[in-house]
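The numbers here are math on the coordinates, done by the rules we state, and not lab data. Keep in mind that this is a model prediction, so the values were computed, not measured. All Cβ positions, even for glycine, are placed from backbone atoms using ideal geometry, and neighbour counts span all protein chains on display.
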Amino acid sequence: MSKQTIQLPLPIYPAKPTGAQLEMFKQAKAMIKTDILVQPVRAVHGSPGRVIAMGERPHWICDYAYIANPNVDSIKEAMEWALEMKEDPRGVTVLRTLKEIFGEGTTEI
């Protein structure tokens, strides 16, 4: 039986990476131990999954990893979080955002 490869869109904000940024994403992906294939796409409101925000935070509430100064290592860590391979306290979730607005008593249902 052949193993099925999974391909996922990887939402990037504010734009799909090109040039040097795309090359950093390729290097970071090569360092991650997974068979999941990713396709970097421009993040928009309603994008599926977790967003990687490069130098700018999304203007809507979503789960995102913010990278102020992108490099291969920071992209790798953000990508592992975005693919839900590991948790990272720097990841911003909808629940965390709502707790900051409405208080710690806020829960997710």
Expressed in nanometres to one decimal, the distance between label points 7 Å along Cα→Cβ at Leu37 and Lys16 is 1.5
Sequence-distant or interchain residues sharing an amide H contact under 5 Å with Val41, placed H: which? Leu10, Ile12
For Thr5 and Val72, calculate 0.36 nm times their separation in residues minus their Cα-Cα distance, and state this gained length in nm to one decimal. 21.7 nm
Linear extension gain, Trp60 paired with Glu100, 0.36 nm per residue minus alpha-carbon span: 12.9 nm
Quickly estimate the mean residue ellipticity at 222 nm for the chain, helices only: each DSSP H run with n ≥ 4 gives -39500 (n - 2.57), and the total goes over all residues, rounded to 500. -9000 deg cm²/dmol
Quarter of the Cα convex hull surface for the chain, i.e. its orientation-mean projected area (nm²): 8.2
Residue by residue, what Karplus-based ³J(HN,Hα) values in Hz, rounded to whole numbers, does the stretch 10-27 have, using 6.51, -1.76 and 1.60 with θ = phi - 60° and x for Gly and Pro? 10, x, 10, 10, x, 8, 4, x, 9, x, 4, 5, 4, 5, 5, 4, 4, 5
Spacing of the two label points (7 Å from each Cα toward its C-beta) at Met85 and Glu23, in nm: 2.2
For Lys99, the lysines lying under 23 Å Cα to Cα, once residues fewer than eight places off in the same chain are dropped, come out as Lys86
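Looking only at the chain, where both bridge partners belong to it, what percent of the DSSP beta bridges are antiparallel (to the nearest 5)? Can you show the working numbers first?
Working: 1 of 13 bridges.
Antiparallel bridges: around 10 percent, rounded to the nearest 5.
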